[in-house]
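What follows is one structure encoded as structure tokens, with my remarks underneath.
The values are calculated or read from the model by the stated rules, or taken from the named source; none is laboratory data. Computed from a predicted model, the values in this text were never measured in an experiment. Every residue, glycine as well, gets a Cβ built from its backbone with ideal geometry; the counts of neighbours run over all protein chains shown.
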Amino acid sequence: MASRMKPAQGAMTLAEMKEFAGFSAATQRYIRRSLDIGLERQDAMDLWSRDIVEAASIRAQARIYERLHDVRAMLPEEPDLSSVEPFLAPLAMLTAFDLGQGRITTFSAYRFLYERLIGAEVRPWLPSAFCAAAALPSLHPDLRRKLLQSISEAAATASGWSNRQPAFFPQWVEKVSAAALPN
């Protein structure tokens with residue numbers, strides 16, 4: 001017997017789709033590309049590279065994202081200080097790379113991406129990594145301001161986080177010409 005999706009799960013998936021639809025086209029593209037690289041779903045170079053600059057960016061992202069396996073393995077179960085540095089330093093480095101690309105410009109877009117790259121268990125750590133990376137002097141001051149202003153007080157000071165895994169993982173969709181659609 002096939003399992004059925006419960007109405008609450010369907011509503012949450014729809015909410016995730018709506019959230020993704022609210023991001024700019026550049027952010028949506030970057031998230032889909034990042035998921036292809038980070039989750040090793042498809043050949044990102046073949047699918048996403050439009051020119052040599054983007055090809056270089058994809059190669060750099062693939063090298064940086066090699067650390068995702070380690071970050072997932074080091075995800076602390078408890079927030080004790082001995083487990084923070086080995087986990088948070090590489091997470092902040094990954095975050096800094098993504099924020100430095102200029103396509104992830106809000107905490108919500110960052111959270112959306114990293115919940116999918118690492119899993120729901122990373123949620124308590126995302127505000128710390130985001131704020132650390134967003135405050136780095138390597139980012140332009142205007143971008144730093146925009147990023148840091150995008151995190152709400154509620155997100156930065158949450159007392160608890162959902163452990164529900166994300167359900168919607170956006171992917172590349174081929175464009176279909178209007179002439180190819182049935183009447």
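Looking only at the stretch 82-108, count every residue that is within 19 Å of A15 (Cβ to Cβ) and out of contact with any Asp or Glu (no Cβ under 9 Å at 6 or more places or on another chain) and tell me the total.
First, the residues of the stretch 82-108 that are within 19 Å of A15 (Cβ to Cβ): 106-108.
From what's left, out of contact with any Asp or Glu (no Cβ under 9 Å at 6 or more places or on another chain): 106-107.
So the count comes out to 2.
Take the conditions modelled with pLDDT of 95 or more, in a loop (DSSP other than H, G, I, E, B) and in contact with a helix residue (DSSP H, G or I) (Cβ under 8 Å, 6 or more places away or on another chain) and apply them to I104. Does it pass?
yes
Give the stretch 42-69 a look and list any residue that's loosely packed, with under 12 Cβ neighbours inside 10 Å and assigned to a helix (DSSP H, G or I), or say none.
D46, I52, V53, A56, R63, H69 - these are the residues of the stretch 42-69 that are loosely packed, with under 12 Cβ neighbours inside 10 Å and assigned to a helix (DSSP H, G or I).
Filter the stretch 107-137 down to residues that are under 11 Å from the mean Cα position of the chain (by Cα) and hydroxyl-bearing (S, T, Y) and give me whichever is farthest from A155 (Cα to Cα).
Y114
State whether the residues of the stretch 80-91 include one that is polar (S, T, N, Q) and either in contact (Cβ under 8 Å) with a residue 40 or more places away in the chain or surrounded by 19 or more Cβ atoms within 10 Å (Cβ to Cβ) (or both).
no
Given the criterion crowded, with 16+ Cβ neighbours inside 10 Å, under 30 Å from D80 (Cα atoms) and either small (G, A, S) or modelled with pLDDT under 95 (or both), identify the matching residue among A155, A167, A135.
Going through A155, A167, A135 in turn, just one is crowded, with 16+ Cβ neighbours inside 10 Å, under 30 Å from D80 (Cα atoms) and either small (G, A, S) or modelled with pLDDT under 95 (or both): A155.
In the list L99, L143, which residue meets the criterion of being closer than 25 Å to M17 by Cα and in contact (Cβ under 8 Å) with a residue 12 or more places away in the chain?
Every option except L99 fails the conditions.
Within the stretch 1-27, track down each residue that is of a type in the set (S, T, N, Q), at pLDDT 95 or above and surrounded by 13 or more Cβ atoms within 10 Å (Cβ to Cβ).
Scanning the stretch 1-27 gives a single hit, T27.
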